[in-house]
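*Asks:* The structure under discussion is supplied below as structure tokens; questions concerning it will follow.
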There are 10 protein chains.
Amino acid sequence: MLFLLWFKVKQPESITQKQLMDIWKREAEAALPAVKAGKIKGLYKVSGRREVVAIIDVNSHEELDEILETLPIIRELGHSVTVEVAAIHPYENFYELIKKLAQ
Amino acid sequence: MLFLLWFKVKQPESITQKQLMDIWKREAEAALPAVKAGKIKGLYKVSGRREVVAIIDVNSHEELDEILETLPIIRELGHSVTVEVAAIHPYENFYELIKKLAQ
Amino acid sequence: MLFLLWFKVKQPESITQKQLMDIWKREAEAALPAVKAGKIKGLYKVSGRREVVAIIDVNSHEELDEILETLPIIRELGHSVTVEVAAIHPYENFYELIKKLAQ
Amino acid sequence: MLFLLWFKVKQPESITQKQLMDIWKREAEAALPAVKAGKIKGLYKVSGRREVVAIIDVNSHEELDEILETLPIIRELGHSVTVEVAAIHPYENFYELIKKLAQ
Amino acid sequence: MLFLLWFKVKQPESITQKQLMDIWKREAEAALPAVKAGKIKGLYKVSGRREVVAIIDVNSHEELDEILETLPIIRELGHSVTVEVAAIHPYENFYELIKKLAQ
Amino acid sequence: MLFLLWFKVKQPESITQKQLMDIWKREAEAALPAVKAGKIKGLYKVSGRREVVAIIDVNSHEELDEILETLPIIRELGHSVTVEVAAIHPYENFYELIKKLAQ
Amino acid sequence: MLFLLWFKVKQPESITQKQLMDIWKREAEAALPAVKAGKIKGLYKVSGRREVVAIIDVNSHEELDEILETLPIIRELGHSVTVEVAAIHPYENFYELIKKLAQ
Amino acid sequence: MLFLLWFKVKQPESITQKQLMDIWKREAEAALPAVKAGKIKGLYKVSGRREVVAIIDVNSHEELDEILETLPIIRELGHSVTVEVAAIHPYENFYELIKKLAQ
Amino acid sequence: MLFLLWFKVKQPESITQKQLMDIWKREAEAALPAVKAGKIKGLYKVSGRREVVAIIDVNSHEELDEILETLPIIRELGHSVTVEVAAIHPYENFYELIKKLAQ
Amino acid sequence: MLFLLWFKVKQPESITQKQLMDIWKREAEAALPAVKAGKIKGLYKVSGRREVVAIIDVNSHEELDEILETLPIIRELGHSVTVEVAAIHPYENFYELIKKLAQ
């Protein structure tokens, strides 16, 4: 099942920009293989804001928490990241429902 | 260049659920071919909310407006749809920047 | 998989309190058997506000939309109901994850 | 009388993820027996967010405060937890009121 | 058990100020005897805003809904009144809890 | 003249729950005699939230500031308390105005 | 006693700009003599927004409501005006309190 | 040209109430002569909140910044003060515009 | 003196997209000559949203209102346009102030 | 392609006003040559608020991030600056679209 996750990263005062980017680099190095493996269906940086949008495929609501809490950016910077969560599904599946409701 | 568009549809009091779904059906029938043609890179229904998320590839900021104003759902229901817009780019491109900044 | 749905009903100016309660009565008569059948795990009225909280068990993100759009209150009053959606899971399952993370 | 409590946990910068989960583990070990004893009618983790929803049965408005202020997560992390509170009651009781109002 | 209710009245465009005050007059004539009878412990108009604050004593969460839905201003103007609800209790009772927690 | 004050207490990270309750105890011991003396017309704890509602009778807008800035909880914890202020008056006085406006 | 009132006027769809300005003209013709009489201590238009700020001297919290409900713009357009209210007092009076608190 | 400035002071945790009032006293001693000199047309304390409203006459948008950044409370407490800014003009001038628009 | 104006246009339900664009066309035909005349220093459409940003040079705070209330889009659609207003000045002028403050 | 960037600077408690202005001075000295070079099409200080508005011309969504992360104020004060981002285009280009839609 698919979820859209919107990460908002707030740099804490106690670390520098370079340190932030260092953590973010480890995060990216964990995330990019998951894109190739098909676990992450889409992964985008929001231009001009320290925010990332991910489309992720999970097996259960429990697995969603497990994946999030093991991300490098949450493990190291959990106090400074907020995540918005939306359950989603492919639009073509919704189209099947629309057709029934429009009858 | 990529944009994430988040459509929020508010049913006006003057139309029924069936009429809303009828307009939405025409919208879907315009959007789904654009997914196949590669113009729309991702298209999702938000479960439980009348909201749609699209990842779209446009040639210019002008074209973004042109596409939106010619969508069936905007043409017919423009008073009842709000759109949030975020300029985005692929995360792997951002990773190139991170690597420089982390040095 | 479980979802918490928080319904907020806004009476439109065009109907009376009695008409609102009449629609709501049909809604309740559709919902209460689903509580007994175990599909709805919890169903509560928020005191003093025209809001309802439901804990619902669905098979897919697609099914969540289908259930919502076939509720009497959405079919008849869809322009006046907003729904907040949260994916949830039993706390005892989360406890299993906590134990691993606290090690 | 029933209350829905929505806990939102914000990790302070001064503790690590492991320390947070350690406190949360003690919290869960206090809460789960109350579920079994019937004092807590429902207890759920919100997937992807550090939030918990509880349906709790209390004897008085005073007891609600007493329970909250003695929870391990409030005692140890009271500066970093916010609680939203909604008085609720079973939907079947509300149905009795609806029937009268719809007449 | 005590609740604080904060009513916010929004005049609909379809009625005049005089009509609004006429409904409000009936509301007041229903509410003021309840103040004398001790059911309403405090009842105040917010100066400069069309808002009312009530401290009310109810027997159950169900009764709170019943009282609200039978108020003249809700029966006649339910689409234009919002109510904020807070469960409260006398401060001297909270003082008893404070003393224990401060030890 | 009457004011409704809504205090919201946010525990700072630098103090423990016990220290917070110790300050709050001093606050209560200053406030409760003012209830008996009739200066404070109503004083309530909001259940489940660290918030207090007071109905206070002051002689001037200047006195309101003086009273607030000499409260123990403001003197010791002024950085962590927010106060919402509403000028109010008894509902029976407002009823006199309603009657004129409804004519 | 002084109050700052911040009026925000929202033109309803049912009237034209000319009609709005006609009502506003009557409002101004009622308000400007009160400025000369010293009842209104300050009266300003917010540039670029349909908002007005007034500093008004009233005898009681009851009188504040009476004045507002008899303003032409509230009588004729009460559904489309919101008012924010702040109790204020001259800064030099506050300076007397500051001096005591700073000792 | 006139501006309304609304200062909101948030006491930082690192200073006491007495220290805050000491800074505020210096601020008042700089501001009150400007009231007498006619530069500040109105200056009010918001009762019950640590907020100040000023009506100020400046020669340019540049001068507004210069005045603000040289105030004692901004120089010493700039991290803890927020300022809301509204360009305003006398209501009698707006009345001249209304008369034209109402024709 | 310069102001940044941010117009947000909300299509009313009573007009079609074509009618909205017709009004907007008249608006543009009034605004574009003012760009050439140097009165408007910058004029931009926000991509994907029905919003316009203008940098405008006015002689007084009174003139700002006069210009706005004579715009075609305000005259014809004043109930459906909101305007956010910010007084601004060229950054190089601010740089002169910064240099003094940084000494 | 054009973007409007709205920078909001929040002074951290750990630096003085003078230190803030010193960083801001370096920022300005980096930005002003970019104005002359035509990369920045407009650059304004918001009067009375520590905010800056920039109209910037970039080659790609990737370049927008690169420019922002290399600004002195982001490099040194990234934890205390928020940036709002809006994709924009010249109003005359939008006029071409309006003409088509109004037909």
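*Asks:* In Å², nearest 100, what accessible area do chains H and G bury in total when the solvent probe is 1.4 Å?
*Replies:* Chains H and G together bury roughly 3400 Å² of accessible area.
*Asks:* Ok, one more. With a 1.4 Å probe on protein heavy atoms only, tell me which residues of the stretch A:54-78 lose at least 20 Å² of accessible surface in the complex relative to the chain by itself.
*Replies:* In the stretch A:54-78, residues shielded by partner chains: A:Ile55, A:His61, A:Glu62, A:Asp65, A:Glu66, A:Glu69, A:Arg75, A:Gly78.
*Asks:* Only four residue types carry charge here, +1 at the Cβ of Lys and Arg and -1 at the Cβ of Asp and Glu. Report the dipole size of the protein assembly as shown about the Cα centre in Debye, rounded to the nearest 20. Could you put the intermediate results ahead of the total?
*Replies:* Working: 140 positive and 150 negative charges, 0 e Å.
Roughly 0 debye for the protein assembly as shown.
*Asks:* Within the stretch A:2-102, what is the number of lysine pairs with alpha carbons under 16 Å apart, leaving out pairs fewer than eight places apart on the same chain?
*Replies:* Going through the stretch A:2-102 pair by pair, I get 6.
*Asks:* Using only C-alpha atoms and all pairs of different ones, pull out the Kirkwood radius for the stretch F:25-74 in Å with one decimal.
*Replies:* After inverting the pairwise mean of 1/r, the radius is 11.6 Å.
*Asks:* Sticking with this structure for a sec: If we count every other residue with Cβ under 9 angstrom of C:Met21's Cβ, Lys/Arg +1 and Asp/Glu -1, where does the sum land?
*Replies:* Spelling it out: positives minus negatives among the neighbours equals +2.
*Asks:* Follow-up. Which of the residues in the stretch F:82-99 lose at least 40 Å² of accessible area when you go from the chain alone to all protein chains together (probe 1.4 Å)?
*Replies:* Relative to the lone chain, where solvent access is computed with a 1.4 Å probe, the stretch F:82-99 loses at least 40 Å² at F:Val85, F:Ala87, F:Ile88, F:His89, F:Tyr91, F:Phe94, F:Tyr95, F:Leu97, F:Ile98.
*Asks:* To the nearest 500 deg cm²/dmol, what mean residue ellipticity at 222 nm is calculated for the protein assembly as shown from DSSP H runs of n ≥ 4 alone, each contributing -39,500 (n - 2.57), summed and divided by the residues?
*Replies:* -14000 deg cm²/dmol
*Asks:* Sticking with this structure for a sec: With contacts defined as alpha carbon pairs under 8 Å and 6 or more residues apart, what's the relative contact order of the stretch E:2-102 in percent?
*Replies:* 44 percent
*Asks:* A further question on this structure: Any idea which of H:Ala30, H:Ile74, H:Leu43 is furthest toward the positive side of the dipole for the stretch H:2-102, if Lys and Arg beta-carbons carry +1 and Asp and Glu beta-carbons -1?
*Replies:* H:Leu43
*Asks:* What are the semi-axes of the equivalent ellipsoid of the protein assembly as shown, taken as the square roots of 5 times the eigenvalues of the Cα gyration tensor, listed largest first and rounded to whole Å?
*Replies:* 39, 39, 34
*Asks:* Let's see if you can work this out: charge +1 on each Lys and Arg Cβ, -1 on each Asp and Glu Cβ, no other charges. What is the dipole magnitude of the stretch G:22-103 about its Cα centre, in debye to the nearest 20? Numbers along the way, then the final one.
*Replies:* Details: 11 positive and 14 negative charges, 87 e Å.
The calculated dipole for the stretch G:22-103 is roughly 420 debye.
*Asks:* Okay, moving on. Please report, in whole Å, how far the alpha carbons of the stretch J:12-51 spread along each principal axis, starting with the longest.
*Replies:* Cα spread of the stretch J:12-51 along its principal axes, largest to smallest: 35, 20, 11 Å.
*Asks:* Let me ask you something else. Determine the share of the stretch A:2-102's accessible area contributed by carbon and sulfur atoms, expressed in whole percent, with a 1.4 angstrom probe.
*Replies:* 52 percent
*Asks:* Another question about this same structure. For the stretch J:2-102, what is the Kirkwood hydrodynamic radius in Å, using each pair of distinct C-alpha atoms?
*Replies:* Averaging 1/r across every pair of different Cα atoms and inverting gives 15.0 Å.
*Asks:* Return one number: the angle in degrees, 0 to 90 and rounded to the nearest 10, between the long axis of the Cα atoms of helix B:91-101 and the longest principal axis of the Cα atoms of chain B.
*Replies:* Tilt of helix B:91-101: around 40 degrees.
*Asks:* Could I ask something else about it? Let me know the Kirkwood hydrodynamic radius for the stretch F:49-103, please, with Cα pairs as the basis and the value in Å to one decimal.
*Replies:* This gives a value of 13.9 Å.
*Asks:* Something else now. Express the accessible area of chain A per residue in Å², computed with a 1.4 Å probe while the remaining protein chains stay in the model.
*Replies:* Averaged over the residues of chain A, the accessible area is 39 Å².
The values are calculated or read from the model by the stated rules, or taken from the named source; none is laboratory data. What you see is a predicted model; the values in this text were computed from it and never measured. Positions of Cβ are generated from backbone atoms using ideal geometry, with glycine treated the same way; all protein chains shown enter the neighbour counts. Calculation scope for accessible area: heavy atoms of the full protein, side chains included, ligands and nucleic acids excluded. Shrake-Rupley method; radii C 1.70, N 1.55, O 1.52, S 1.80 Å.
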